[in-house]
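These notes are about the structure you will find just below.
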Amino acid sequence: MAAGWENPHPRLIIHDFISLDLCKELEFIHKSCSTIGYRPNVFSTTLSHLIATNCGHLVLPFVSIRERLKDKMEEFFGCEFELFVEFTGLISWTKGSSIGWHSDDNRSYLKQRHFAAVCYLNSHAKDFEGGLFHFQDGEPETIVPMIGDVLMYTADSRNIHSVDEITDGERITLTLWFTRESSYDEDAKLISLFSQRLSSGLDEDPVSYLPFPASSNMYWFSSEQAPSCHSGFDIRWARIHILGYNFCFFDDEISNLTSDSSYDLSELLMKPLWLAREGETFTKEFVNSLHALQVVQFYSWKGFELHAVSIRANNVNVSQLVRSHTKKCNRLKSMTLGDHELAEVVFHSVSCNEYIHSSFDWDDFNVAVVAWEDYTHQLRRELLAGLPYWRDRQSIFFFSAGNEEGT
Ligand SMILES: O=C(O)CCC(=O)C(=O)O
Ligand SMILES: [Fe+2]
């Protein structure tokens, strides 16, 4: 393939650019934190959203891959100017989503986008069906998304492209756009968001590492195909349902709610809750639905490892759910989850995580709760150590303790 500018269609595909570990970690972040996206049947996780929902530490896993992509982009396209990241996001497309021929700078408000990098975090045929990427002209013409691969191209009309409709599963990417215009630098905006949170004192709170949900409408999926008021679901509840869990409320006032009560259901998933599974409940309190969802997704990500470590915790608090409570949980679920059949179609996993379904174990899950806390605390420590340097330079760069200059 001709390098950079010599090619009439400047583009590059690099296989195995991202490690499997990082792909899985980013998938975990997306499945824990995403909200309704910018097109039908699309979900997204932006870095500013992570900061706004008290998950700013989850920006760290993005830092070195953003740098590597920028370096590769500048090198391949022979840039004599510095590039800035304009946008970083995890984006997933589910059944029914597609995009026709377009260039990525095809709106007046997108003119600052000069280059695109699309990193595939899961694979065609294994994790989803459909979703092939095509360029209108030039070679290569079709890209089959495979985990770890990265596609880079200029965002202008030399690279008009489309994505086929997804017919099954969830297709996940890490997508970045780069700009030559420093005023569109995403780093400056993110650093200012971090500073606002710090100055509001939130980070001194002892539970400041716990996620805080955004407004409920950001999690409410409604189908274009069947836009009746019942045809929709809360994506937090849908994601735990797909993995075989249910949310369960121990507060009597909540668990006795009926659909004609005046209680604002959108408040429900902000409340403390437990997780239930197959008639049993894990009696650790989660502060809200996002907290529980993060731990569930963490267990889904690390399941095998946690089992291998096999640190048996002595007192796993699991109790049988009495029939009446199961009924209450299910009633609340149908009131808030909404259309669970639609949820099952949208979040259907082609390569269903067999480990989670066949070898589920509350002991392992209990280990996951502690491991998730360790993971979170470690990232928060790194964030708090790096932030002053990011603020000084107005740039987000890889920072490791002991290397005060960064690398
Ligand atoms: O996900 C892809 O392969 C490309 C998506 C795309 O074209 C876009 O977001 O503009
Ligand atoms: Fe595009």
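The values are calculated or read from the model by the stated rules, or taken from the named source; none is laboratory data. Everything numeric here is computed off the predicted structure, so don't read it as measured data. Cβ coordinates were reconstructed from backbone atoms using ideal geometry, including for glycine residues, and neighbour counts include every protein chain displayed. In case anyone asks, the SASA skips ligands and DNA or RNA and just uses the protein heavy atoms, side chains included. Shrake-Rupley method; radii C 1.70, N 1.55, O 1.52, S 1.80 Å.
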Worksheet item: What residue, among those in the range 378-402 that are part of a loop (DSSP other than H, G, I, E, B) and over 19 Å from THR88 (Cβ atoms), is modelled with the lowest pLDDT?
Response: GLY402
Worksheet item: Would the range 43-60 turn up any residue that is within 16 Å of ligand 1 (Cβ to nearest atom) and under 13 Å from ARG171 (Cα atoms)?
Response: yes
Item to complete: Return yes or no: is ASP127 within 11 Å of ligand 1 (Cβ to nearest atom), of a type in the set (D, E, K, R) and either touching a Pro at 6+ places or on another chain (Cβ under 7 Å) or not assigned by TED's automatic domain parsing to the domain that holds LEU342 (or both)?
Response: no
Discussion item. Testing ILE160 on (1) within 21 Å of ARG180 (Cα to Cα); (2) in contact with a Pro (Cβ under 9 Å, 6 or more places away or on another chain), one condition comes back false. Which one is that?
Written reply: (2)
Item to complete: Those residues that are in a loop (DSSP other than H, G, I, E, B) and surrounded by fewer than 18 Cβ atoms within 10 Å (Cβ to Cβ), I need them from the range 20-60; list them, please.
Response: TYR38, ARG39, PRO40
Practice prompt. State yes or no: is SER182 touching a residue at least 60 places away in the same chain (Cβ under 8 Å) and open to solvent by 60 Å² or more (accessible area, probe 1.4 Å)?
Written response: yes
Worksheet, complete the sentence: If we take the range 90-158, then strands (runs of 3 or more DSSP E) inside it with 1 or more residues that are under 24 Å from ARG66 (Cα atoms), in contact with a strand residue (DSSP E or B) (Cβ under 7 Å, 6 or more places away or on another chain) and more than 11 Å from ligand 2 (Cβ to nearest atom) are 115-120, 150-154
Worksheet entry | Scan of the range 133-143 for residues that are surrounded by 14 or more Cβ atoms within 10 Å (Cβ to Cβ) and of a type outside the set (Gly, Ala, Ser), ordered by number | PHE133, HIS134, PHE135, GLN136, PRO140, ILE143
Worksheet item: If you go through the range 161-175 one residue at a time, do you hit one that is assigned to a helix (DSSP H, G or I), assigned by TED's automatic domain parsing to the domain that holds ARG39 and within 15 Å of ligand 1 (Cβ to nearest atom)?
Response: no
Worksheet entry | Contacts under 6 angstrom Cβ, first residue in the range 19-33 being in the same structural domain as PHE62 (by TED's automatic domain parsing), partner open to solvent by 50 Å² or more (accessible area, probe 1.4 Å) and in a helix (DSSP H, G or I), 6 or more apart | LYS24/TRP301; PHE28/TRP301
